[in-house]
Amino acid sequence: MNNFYTPIAVLVFCVAALGAALWSFQPDDTSEDLNGNITDSGAAETTDPGADTSRQTPMTACNALGTPIPVIRESSILENPKIVAALKDEITDQTVSSLIHDAPEDLGNSAGDRLKGMVWIPGGIGIIGSDAGPPDETPPHPVALDGFWMDITEVTNAQFKEFVDATGYVTLPEKPPELRSLKPGFPRPEQILEEFNKPGSICSRPIDSLDEIDPEKGAYSWWQYIPGANWKHPEGPRSTIDDRMDHPVVHVTWLDAVEYAKWRGAALPTEAQWEYAARGGLDGKSYPWGNDRTPNGEWRQNIWQGLFPVDDKGVDGFKSTAPVATFPANAYGLHDMSGNVWEWCSDYYQPDYYTVSPPKNPPGPKESFDPQEPGIIKRVQRGGSFMCSDEYCVGYRVSARMKGEEDTGAFHTGFRCIVTPFMLRTAR
Ligand SMILES: [Ca+2]
Ligand SMILES: [Ca+2]
């Protein structure tokens, strides 16, 4: 396996989408991914914001699972205000003058309903990406975005129930699997393995000891396809959301999230909108509030503390999802842009998209390409989840990119919506 793919292999097990891999799981095929090659940490010294994205990601020695821990450099060129200013100067005056910065004054009659629970994200120029993390975050680059409204919180179970009650909508994890994420022209399995060929979704199995992890299965030792798991039953048929209506909805596939958004007259954010909003006007920082993960010793994100995947000590107060907005908002008024649940974006995933994305309102690539699984259609996920540990996955960094199969949900993946001024002028 090319070393370029190693960081993706390391991070992939934090992601929702394991579905197609599970359908055809063969230990011999995946052991290389799970073990990954440790690369030279000297590669971390690259500081060129236009650095070749095929450079190797620096890795330390292995963690307790035998997988390399992704090294995140403590310093970034973006700490230099002159570099940030120079990057922003790459955006032409003409582009800047054409941006929608402030919310329109005349919002129309339906705006109050459509914008409920949302906040205006002022348009402007922000720096997207980072030189401190995996290659798919590079190069850090300026984007010019029109302003938009965004959900203050992840979509909750109560909100999703409103949609289901109004429409009778049935999510994909509630239906028999159909492998919708397989690209045309790629080989299809003759049949879905019996254990996966029933409605269900992906959960994490409690592990009491690292000894329970099968070296051949690696991460598949704790990720499990659970028949009967869906948004109403997050851990399987015997679990409920009755006392979790203010928690983020989970086990919603990208395709389901899009249907919910349409119903609300909204959309999923582009990846650029998501990161721009998550930064809250702070360029080049690691988290939505700055560079200190726990300012004054205070946790501002629901992630995993302790030995992963055995012992989540729940130091932040939660060992699973937290009620939305439990943790403080960023400067734009957005909660849980780091941690709690991963959030779907509208974009297809391509690891090198930042090398070719347009400077104004980047819409995402025209098609998906994940070099690790080129035959699977994947969409971007952002923000990390309660399953992210600094020993294994650092997806809670504001620049961290993730991907998931668009037809697959998981118990740590949700979403939030946006509305643009243009959308507000059009019928729902
Ligand atoms: Ca937690
Ligand atoms: Ca989140």
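The figures follow:
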| quantity | calculated |
| --- | --- |
| Selection within the stretch 333-351 - more than 11 Å from ligand 2 (Cβ to nearest atom), touching a Pro at 6+ places or on another chain (Cβ under 8 Å) and more than 23 Å from SER204 (Cβ to Cβ) | SER346, ASP347, TYR348, GLN350, PRO351 |
| Candidate set from the stretch 293-314 (those that are among the β-branched types (Val, Ile, Thr) and away from ligand 2 (no atom under 16 Å from the Cβ)); member that is farthest from ARG279 (Cα to Cα) | VAL310 |
| Selection from the stretch 403-428 of residues that are in contact with a Lys or Arg (Cβ under 7 Å, 6 or more places away or on another chain), in a loop (DSSP other than H, G, I, E, B) and within 16 Å of ligand 2 (Cβ to nearest atom) | CYS417 |
| Check on GLY317, within 16 Å of ligand 1 (Cβ to nearest atom) and surrounded by fewer than 17 Cβ atoms within 10 Å (Cβ to Cβ) | yes |
| Matching residues, the stretch 376-402, being away from ligand 2 (no atom under 12 Å from the Cβ) and within 8 Å of the chain's Cα centre (by Cα) | VAL380, ARG401 |
| So TYR354, is it among the hydroxyl-bearing types (Ser, Thr, Tyr), away from ligand 2 (no atom under 16 Å from the Cβ), out of contact with any helix residue (DSSP H, G or I) (no Cβ under 8 Å at 6 or more places or on another chain) and farther than 30 Å from ASP242 by Cβ | no |
| GLU406 vs. criteria within 25 Å of LYS313 (Cβ to Cβ), of a type in the set (D, E, K, R), modelled with pLDDT of 95 or more and more than 16 Å from ligand 1 (Cβ to nearest atom) | no |
| Selection count where residues are crowded, with 22+ Cβ neighbours inside 10 Å and in contact with a Ser or Thr (Cβ under 7 Å, 6 or more places away or on another chain), scope the stretch 320-334 | 1 |
| Residue that is nearest to PHE411 (Cα to Cα) [pool: residues in the stretch 203-224 that are of a type in the set (A, V, I, L, M) and crowded, with 18+ Cβ neighbours inside 10 Å] | ALA219 |
| Of all residues making up the stretch 266-292, the number that are in a helix (DSSP H, G or I), among the aliphatic types (A, V, I, L, M) and within 16 Å of ligand 2 (Cβ to nearest atom) | 2 |
| Sole exception among (1) at pLDDT below 95; (2) under 16 Å from the mean Cα position of the chain (by Cα) for CYS345, by number | (1) |
| Looking only at the stretch 120-162, and only at residues there that are assigned to a strand (DSSP E or B) and small (Gly, Ala, Ser), the one that is surrounded by the fewest Cβ atoms within 10 Å (Cβ to Cβ) | GLY124 |
| Residue that is more than 19 Å from the chain's Cα centre (by Cα) and within 16 Å of ligand 2 (Cβ to nearest atom), where the choices are PHE327, PHE318 | PHE318 |
| Only listed residue being at pLDDT below 90 and on the phi < 0 side of the Ramachandran plot, chosen from ILE192, ILE226, ILE152 | ILE192 |
| GLY281 being more than 19 Å from the chain's Cα centre (by Cα), touching a residue at least 40 places away in the same chain (Cβ under 8 Å) and away from ligand 1 (no atom under 16 Å from the Cβ) | yes |
| Boolean, LYS161 is more than 16 Å from ligand 1 (Cβ to nearest atom), modelled with pLDDT of 95 or more, under 26 Å from PHE196 (Cβ atoms) and among the charged types (D, E, K, R) | no |
| Pairs, first free of Cβ contacts under 8 Å to residues at least 40 places away in the same chain and closer than 16 Å to PHE411 by Cα in the stretch 318-342, second more than 12 Å from ligand 2 (Cβ to nearest atom) and not in a loop (DSSP other than H, G, I, E, B), C-beta under 9 Å, six or more apart | none |
| Selection within the stretch 186-202 - out of contact with any helix residue (DSSP H, G or I) (no Cβ under 8 Å at 6 or more places or on another chain) and either surrounded by 10 or more Cβ atoms within 10 Å (Cβ to Cβ) or in contact (Cβ under 8 Å) with a residue 24 or more places away in the chain (or both) | PHE186, PRO187, ARG188, GLU195, ASN197, LYS198 |
| Residue in the stretch 225-237 that is surrounded by fewer than 23 Cβ atoms within 10 Å (Cβ to Cβ) and within 28 Å of GLU137 (Cβ to Cβ) present | no |
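Okay, residues lined up against (1) in a loop (DSSP other than H, G, I, E, B); (2) surrounded by fewer than 24 Cβ atoms within 10 Å (Cβ to Cβ); (3) away from ligand 1 (no atom under 16 Å from the Cβ):
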position: LYS366; (1), (2), (3): yes, yes, yes
position: PRO371; (1), (2), (3): yes, yes, yes
position: VAL380; (1), (2), (3): no, no, yes
position: SER389; (1), (2), (3): yes, yes, no
position: VAL398; (1), (2), (3): yes, no, yes
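The values are calculated or read from the model by the stated rules, or taken from the named source; none is laboratory data. These numbers come from a predicted model, not from an experiment. Here the Cβ is made from the backbone with ideal geometry for all residues, glycine too, and neighbour counts use every protein chain on show.
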